[in-house]
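The values are calculated or read from the model by the stated rules, or taken from the named source; none is laboratory data. Since we're looking at a predicted model, the values are computed, not measured. We place every Cβ from the backbone using ideal geometry, glycine too, and count neighbours over all the protein chains shown.
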Amino acid sequence: MQYLHTMIRITDIDASLRFFCDGLGLSEVRRYDSEGGRFTLIFLAANEDMDTARIQKAPLIELTYNWDPEDYTGGRNFGHLAYRVDDIYALCTHLQDLGITIHRPPRDGYMAFVKSPDGISIELLQSGDALPPSEPWLSMSNTGSW
């Protein structure tokens, strides 16, 4: 068995790509438009997975945009996606600079949660040992659900 991808339904391609690519640093591997099915699939990979993703088509995030509007609920029921990151403080600062809320700040120097524009929880985990606790994260409260 091999893990291939996780599919997330999205409502706004530009907002989602801004979050996943500009914010989290994922890159688009491929895109597929289906005129008959009236949907667009956008496959993304983390930079360290890019070679594997291009060859094996895994591991990927599949963003599914349905051309006919739908109201999606239950993003929290999905659970979350998790990514290991090189510097959790730098990434959280970068995300904040893009206007993205840090729902669970990295107070411990190890773990944080943010949400995509469609309410999908994303867990960020510091690579290796936790960074020393640091402000402003140390005293920052949780915001909403994560």
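Filtered by the rule that a residue be farther than 19 Å from F20 by Cβ and surrounded by 18 or more Cβ atoms within 10 Å (Cβ to Cβ), region 108-146 gives Q126, W137. Filter region 28-57 down to the residues that are basic (K, R) and over 30 Å from P69 (Cα atoms) and list them by number. Matches in region 28-57: R54 only. For region 1-28: of the residues being surrounded by fewer than 17 Cβ atoms within 10 Å (Cβ to Cβ) and among the aliphatic types (A, V, I, L, M), which is farthest from I122 (Cα to Cα)? Among those residues, the one meeting the criterion is M1.
For region 15-72, residues that are aliphatic (A, V, I, L, M) and touching a helix residue (DSSP H, G or I) at 6+ places or on another chain (Cβ under 6 Å) total 6.
Test T101 against the criterion of being β-branched (V, I, T) and modelled with pLDDT of 95 or more, and give yes or no. Considered against the rule, which asks whether it is β-branched (V, I, T) and modelled with pLDDT of 95 or more, T101 comes out as yes.
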